[in-house]
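These notes concern the structure reproduced below.
The values are calculated or read from the model by the stated rules, or taken from the named source; none is laboratory data. No experiment lies behind these values; they were computed from the predicted model shown. Don't worry about glycine lacking a Cβ; one is built from the backbone with ideal geometry, like all the others, and counts go over all protein chains shown.
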Amino acid sequence: MRSRLAVVLGALIISTNTTAAEYGQQKSLSFHPFVSLNTGYSKLEQTQDYRVIGADEDGNLSEFSYFKLKNSDGEIWNNIAFGADFENYPLELRISYGTIGSGQSDYLEFVEENVLTGTETVVERYEGNQDYDLNILSLTGVLELSRNCSKACLYLLGGVSYGQLDWSLAIDEVIAGESFRKSKRFYKDFFHYGAGFRYAFTDHLRMNTEYIRHNIGEFGDIRVSEGRRVEFDMDDFSLWQAGVSYTF
């Protein structure tokens, strides 16, 4: 009896160890670390909503928008990423840092029409200058779509981002002679998603190209004076980037 029990227990132990080893080999979380350098072209669409507190038709004080200015700007985007390429899963995980900066000027006129003479008179004229630096720290997951990604690979990507926006705004009111200058730093977290293509030249060197869209939305506002403020919305921030990575 004891000999039979020893044989059964020995068989169970061997079987358990063998199964665990096979499972561990199949489900190993081993990965290859990599570093990636990318550059590309970004498109930024933003809206400046000029708002003021005033009396409505019923005489009640409320805030309303009296002017909206939409801008579209394209700039060079640079990005560095560190990540892990998992061996036994069609997954990658990476953390990246990207930056973009720009400056632009706007010339605005507000006119008043005389209904009797049909003439228009400029009642306000503004010259606005703005500069911004947008820095984004992102955590991104990559899902490989190709069956064999040893060479060429299509993939989807998505994740969360944390943005820091340094914005300076200068408004010169030419007619009234008033001016406004202010700078502010905004912070916001948001989602991003996209798709990409990767090609491996060797076991260590590979290239990639990606399209990424950031869902930013309202970033914040700058108070111009008592009862007047400018609200900033990032309507669209998308980019194409390409780069090379080295896998260790």
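Would you mind stating whether Asn79 is surrounded by 12 or more Cβ atoms within 10 Å (Cβ to Cβ), within 27 Å of Glu144 (Cα to Cα), touching a helix residue (DSSP H, G or I) at 6+ places or on another chain (Cβ under 7 Å) and touching a residue at least 12 places away in the same chain (Cβ under 8 Å)? Considered against the rule, which asks whether it is surrounded by 12 or more Cβ atoms within 10 Å (Cβ to Cβ), within 27 Å of Glu144 (Cα to Cα), touching a helix residue (DSSP H, G or I) at 6+ places or on another chain (Cβ under 7 Å) and touching a residue at least 12 places away in the same chain (Cβ under 8 Å), Asn79 comes out as no.
Criterion applied to Phe197, Phe201, Phe248 was being in contact with a Pro (Cβ under 8 Å, 6 or more places away or on another chain), surrounded by fewer than 18 Cβ atoms within 10 Å (Cβ to Cβ) and over 18 Å from Ser161 (Cα atoms), and the one residue passing it is Phe248. The condition (being out of contact with any strand residue (DSSP E or B) (no Cβ under 7 Å at 6 or more places or on another chain) and modelled with pLDDT under 70) is satisfied by just one residue among Leu108, Leu5: Leu5.
Answer yes or no as to whether Ser179 is modelled with pLDDT under 80 and closer than 21 Å to Ser102 by Cβ. When the stated conditions are applied, Ser179 does not pass them. Of the residues making up the stretch 38-59, those that are touching a residue at least 12 places away in the same chain (Cβ under 8 Å) and more than 30 Å from Asp133 (Cβ to Cβ) are Ile53, Gly54. Name the residues in the stretch 214-235 that are over 15 Å from Tyr50 (Cα atoms) and either among the polar types (S, T, N, Q) or modelled with pLDDT of 95 or more (or both), would you? The answer is Asn215, and nothing else.
Look at the stretch 142-158: where a residue is over 10 Å from Pro90 (Cβ atoms) and a partner is part of a loop (DSSP other than H, G, I, E, B) and among the hydroxyl-bearing types (Ser, Thr, Tyr), sitting 6+ places away or on another chain with Cβ atoms under 7 Å, you get Ala152/Ser146; Leu154/Ser146. Mind listing just one residue for me: the one in the stretch 119-143 that is of a type in the set (S, T, N, Q) and either closer than 16 Å to Ser168 by Cβ or in a loop (DSSP other than H, G, I, E, B) (or both) and, of those, modelled with the highest pLDDT? Among those that are of a type in the set (S, T, N, Q) and either closer than 16 Å to Ser168 by Cβ or in a loop (DSSP other than H, G, I, E, B) (or both), it is Asn135.
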